[in-house]
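Accompanying notes for the structure given below.
Quick note: the coordinates plus some simple rules give every number you see, no bench work behind them. Predicted, not measured: the structure shown is a model, and the values here were computed from it.
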Amino acid sequence: MSFIGTTVGSTAGWWVGAHAGIMTAFILSMVGFGAGMWYGRRLADRIE
């Protein structure tokens, strides 16, 4: 679940940030990566 969360989060962050510039896309991708990892892990804990 963490892998799926990080993939979705970083892709969404990159997509949103790409409209403003490459560095904004990179930063938002990293924020999305962290958020996706956190939410993916929480979802995995709830499923188990």
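Relative to the longest principal axis of the C-alpha atoms of the chain, give the angle of the C-alpha long axis of helix 2-17, reported between 0 and 90° and rounded to the nearest 10°. In the chain, helix 2-17 runs at an angle near 20 degrees to the longest axis.
Between helix 22-47 and the chain there is an angle of about 10 degrees, using the helix long axis and the longest principal axis of the Cα atoms.
In the elastic network of the chain, a GNM with C-alpha springs shorter than 10 Å, the most mobile of Gly34, Gly21, Gly13 is Gly21.
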